[in-house]
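A short worksheet on the structure shown next.
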Amino acid sequence: LASTGRGSPLQWIVGAYFFNEDLTFNLRPNQGVANGETNPVLNTRSLAAFEQLTYSVANALRLTGGLRFTSERKTQDGRLGYGTSPGDPVSYISLDGGLVKANQLTWKVGVEYDAGTASLLYANVATGFKAGGFYPSQAPNTFAPEKLTAFTVGSKNRFLDNKLQVNLKGFYWVYKDKQVTHIGPVRPVGYNLITENAGRAEIYGVEADIIWQPTPNDRLSASGQYLHSKYTDFVYTQTTVVGPPQTACGVSPIAGAQAVSVDCSGRVLPRAPRWTVNLSYQHTFDIGSNSHLDLLVGTRIESESVLGEEYLPGQYQKSYMQSNGSLTWRGENDKYTVRAFVENIENKTIKTGSFVQPVIGLPLVVLDAPRTYGV
């Protein structure tokens, strides 16, 4: 429910969310020298209520404040199967029926100032959280909520009779109990995809977005980001059931367990390149009075980044440029369109993710598609 925006310096909005999900599935991973099966029964229920107020202190100055209360509950049941080799029968145990609850109050405060008829200055501080949950293992098999505090300052502007848009933003984000998903040890034996809380992390940087439309048929866009990221506290667990730990970070043994504690504090966050640039140009050809042809070309440039929490040499993606293009015909009133496209014009081999396969002890990578074209 929201105010109308007429006749009052105070504008407001209030609302609520309800979410409920029941999920069951069957997972049979084949890890070469081990086999198993997971049949979890999961339920997630989330309730939330929120409000936000904006008050005009003066014609050009506004203050904003908001609150949200979220209550989440998750349960896990079902069974977990495990074996020691592909030929052996699978033994089953019950997944511990359990309950994870989280009640969290998040907030936002901000200020906006109209620096001109088409210029806005703003700053805000906001908090958020991602609920905890379960992973397939005997207890302990839970992870805690992830919390975030985000500081943002920026400016949004239009120039040249609204033909040029320039948006600038600076940000500083602090994560606490950041959730990290990786392959790790599970109970009573073996390994699986698990989620742990990795302590604290911080990122900060600046962004710029520019759109220039010199004519109704030409549009140029450019965006760039500088990003600094670091785990200020990052300790997680890695299995040693099938061999030595696979990581470039420091390790220490865990007494009584076939696992080690891995300390990657001070490392950059995965998938966080320091520099990112996007460029594009679109031109529309008018074909008669009722149809159009849109030509779009663009490119993305990224500096080096790491893709896995193990920080092994094979898990790094070097800097690259990847370009795309398309040609789209639009019929009368846009009722019909035909589009021809080509993606990854350079046919670059680009890694998008990585994890260490525990049996062979080597990092595996996920690749982006090669040069792809079609209609």
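The values are calculated or read from the model by the stated rules, or taken from the named source; none is laboratory data. Bear in mind the structure is a predicted one, so any value in this text is a computation, not a measurement. Glycine also receives a Cβ, built like all others from the backbone with ideal geometry; neighbour counts cover every protein chain displayed. Ligands, DNA and RNA are excluded from the accessible area calculation, which covers all protein heavy atoms including side chains. Shrake-Rupley method; radii C 1.70, N 1.55, O 1.52, S 1.80 Å.
Observations on the structure shown:
- Of the criteria (1) open to solvent by 30 Å² or more (accessible area, probe 1.4 Å); (2) touching a residue at least 12 places away in the same chain (Cβ under 8 Å); (3) part of a loop (DSSP other than H, G, I, E, B); (4) among the small types (G, A, S), which one S261 fails: (3)
- When the strands (runs of 3 or more DSSP E) confined to segment 49-133 are screened for residues that are open to solvent by 50 Å² or more (accessible area, probe 1.4 Å) and under 29 Å from T181 (Cα atoms), those reaching at least 2 such residues are found at 61-82, 91-94, 98-116.
- Of all the residues in segment 135-172, those that are more than 30 Å from S94 (Cβ to Cβ), open to solvent by less than 40 Å² (accessible area, probe 1.4 Å) and in contact with a Leu (Cβ under 8 Å, 6 or more places away or on another chain) number 3.
- Among the residues making up segment 10-48, those that are surrounded by 16 or more Cβ atoms within 10 Å (Cβ to Cβ), at pLDDT 95 or above and of a type in the set (G, A, S) are S46, A48.
- Of the listed requirements (1) in a loop (DSSP other than H, G, I, E, B); (2) under 14 Å from I183 (Cα atoms); (3) touching a strand residue (DSSP E or B) at 6+ places or on another chain (Cβ under 6 Å); (4) not charged (D, E, K, R), V242 misses just one: (3).
- Note on segment 279-330: residues that are more than 15 Å from G353 (Cα to Cα), outside any strand (DSSP E or B) and in contact with a helix residue (DSSP H, G or I) (Cβ under 8 Å, 6 or more places away or on another chain) total 1.
- Selection status of Y236, farther than 30 Å from H292 by Cβ, among the aromatic types (F, W, Y), assigned to a strand (DSSP E or B) and at pLDDT below 95: yes
- Whichever residue in segment 239-258 is touching a residue at least 60 places away in the same chain (Cβ under 8 Å) and not aliphatic (A, V, I, L, M) and, among such residues, is farthest from G199 (Cα to Cα): G243
- Subset of segment 331-375 [open to solvent by less than 40 Å² (accessible area, probe 1.4 Å) and not in a strand (DSSP E or B)]: G331, N344, I350, P358, V359, G361
- The listed residue being modelled with pLDDT under 95, open to solvent by less than 40 Å² (accessible area, probe 1.4 Å) and small (G, A, S), out of G325, G288, G308: G308
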